[in-house]
Amino acid sequence: MLSRVQRINAFVNLGKFITSPENQEIVEDWVAYAKSRNNWFTPENVTRSLEAIAREYLSREHLEKWAAQYPEPVLPKKVGVVMAGNIPAVGFHDALSVLISGHILLVKPSSDDTILITALLNKLVEIEPELTESIVFVDRLNDSDAYIATGSDNTARYFHYYFAKKPNIIRRNRTSVAILTGDETSQELEALGKDILQYFGLGCRNVSKVFVPSGYDFTKFYESIQHMDSLFLHNHKYFNNYEYNKSIFLINRVPHVDNGFLMITENKALVSPISVLHFETYDDLEAVKSALKEAEEKVQCVIGPADLQGILPFGKSQEPGLFDYADGVDTMAFLSKL
């Protein structure tokens with residue numbers, strides 16, 4: 001059995017493979033194939049995701065610091081992982097966690113993201129052949145000793161029913177929000193635009209709602225993100241959603257503002273449709289913090305000014321590190337206790 005040091009070495013070498021110029025033709029093939037199977041996975045977004053994985057997850061320094069926090073389990077177990085497919089390779093962190101822990105990965109990729117997960121794990125086995133027995137692609141997870149499953153609120157009920165008798169982590173729908181004070185610079189508002197729009201707003205770390213002071217004017221925000229228009233006007237899946245939601249607003253006479261690719265409307269709901277940003281006004285910032293505390297099981301990230309403690313800076317929502325566990329559940333702690 002491979003030692004943890006050997007497993008870390010394998011992942012470090014995978015990161016080097018992704019970023020090495022001599023391998024770019026192979027990586028570009030992955031990118032193109034992923035796009036051919038899922039039109040949400042644009043070359044820019046797939047490349048961004050792969051580069052983030054290599055940078056944030058697969059550096060030796062990051063991996064060693066992360067793994068050192070957790071004991072290895074006494075015996076390897078078979079851990080079934082049901083992956084999401086909303087953004088490129090979003091299930092990779094779970095696969096990494098299972099394998100670094102020393103367990104056997106039974107992986108069920110999302111039908112929306114089979115290409116990248118398969119390519120990454122196959123390349124990992126090519127780099128370290130002794131991992132062959134530790135990575136198994138499956139259609140059914142009956143043989144698992146524990147489960148990690150990510151899905152919608154509806155599928156989470158299904159997961160709870162079928163996986164309840166064994167240790168599990170089951171994730172539900174989450175979204176992210178931002179708090180604005182009205183003092184943001186153009187650069188901060190541009191960064192907020194990335195938090196909202198990267199990966200077309202499909203991730204749980206994408207901002208779908210902002211809290212703004214009463215009387216807030218969105219003109220400066222729109223001016224700060226207008227240069228992004230071509231990225232969204234020329235993606236037919238995103239633009240079809242934009243036109244559909246715009247028609248609903250117009251037919252139902254829903255008050256909103258619109259810059260041609262992102263509509264903003266006042267709504268108390270945390271989750272907004274693709275191409276729509278919800279906002280809610282406040283007079284008391286402490287009341288906003290209290291409301292978010294009550295809704296913490298639905299909120300993945302809170303973005304805002306640097307002087308507000310406990311929240312992420314603008315532009316950082318889509319740059320999670322190894323310790324940024326989905327739903328705030330420590331996957332590695334769970335795996336170490338199996």
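Assorted remarks:
- Test: residue 43 is surrounded by fewer than 16 Cβ atoms within 10 Å (Cβ to Cβ), in contact with an Asp or Glu (Cβ under 9 Å, 6 or more places away or on another chain) and over 18 Å from residue 132 (Cα atoms): yes
Rundown of residues vs (1) of a type in the set (Asp, Glu); (2) within 24 Å of the chain's Cα centre (by Cα), yes/no style:
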| position | (1), (2) |
| --- | --- |
| 254 | no, no |
| 261 | no, yes |
| 265 | no, no |
| 271 | no, yes |
| 276 | no, yes |
| 304 | no, yes |
| 322 | no, yes |
| 330 | yes, yes |
| 336 | no, yes |
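- Residues that are in a loop (DSSP other than H, G, I, E, B) and in contact with a helix residue (DSSP H, G or I) (Cβ under 8 Å, 6 or more places away or on another chain) are absent from region 114-126.
- Note on region 224-245: residues that are of a type in the set (D, E, K, R) and either within 16 Å of residue 195 (Cα to Cα) or buried (at least 18 other Cβ atoms within 10 Å of the Cβ) (or both) total 1.
- Pairs with Cβ under 7 Å, 6+ apart, first in region 258-272 and over 13 Å from residue 219 (Cα atoms), second outside any loop (DSSP other than H, G, I, E, B) and small (Gly, Ala, Ser): 270/208; 271/208; 272/208
- Single residue of region 302-315 satisfying the filter (in contact (Cβ under 8 Å) with a residue 24 or more places away in the chain and outside any loop (DSSP other than H, G, I, E, B)) that is least open to solvent (accessible area, probe 1.4 Å): 303
- Restricting region 20-40 to residues that are touching a Phe, Trp or Tyr at 6+ places or on another chain (Cβ under 9 Å) and in contact (Cβ under 8 Å) with a residue 60 or more places away in the chain, the residue that is least open to solvent (accessible area, probe 1.4 Å): 34
- Residue 125, sole failed condition from (1) touching a residue at least 24 places away in the same chain (Cβ under 8 Å); (2) surrounded by 14 or more Cβ atoms within 10 Å (Cβ to Cβ); (3) farther than 30 Å from residue 221 by Cα: (1)
- The residues on offer are 100, 87, 104, 53, and the sole one that is over 22 Å from the mean Cα position of the chain (by Cα) and hydrophobic (A, V, I, L, M, F, W, C) is 104.
- Total residues in region 320-338 satisfying the condition of being acidic (Asp, Glu) and out of contact with any strand residue (DSSP E or B) (no Cβ under 9 Å at 6 or more places or on another chain): the figure is 1.
- Residue 318 being open to solvent by less than 50 Å² (accessible area, probe 1.4 Å), part of a strand (DSSP E or B) and not hydrophobic (A, V, I, L, M, F, W, C): no
- Candidates in region 128-170 are the residues that are assigned to a helix (DSSP H, G or I), touching a residue at least 24 places away in the same chain (Cβ under 8 Å) and open to solvent by 80 Å² or more (accessible area, probe 1.4 Å); of these, the one that is nearest to residue 113 (Cα to Cα) is 133.
The values are calculated or read from the model by the stated rules, or taken from the named source; none is laboratory data. Only a predicted model underlies this, so the values are computations on that prediction, with no experimental measurement involved. Here the Cβ is made from the backbone with ideal geometry for all residues, glycine too, and neighbour counts use every protein chain on show. Side chains are part of the model used for accessible areas, which takes the heavy atoms of the whole protein and leaves out ligands, DNA and RNA. Shrake-Rupley method; radii C 1.70, N 1.55, O 1.52, S 1.80 Å.
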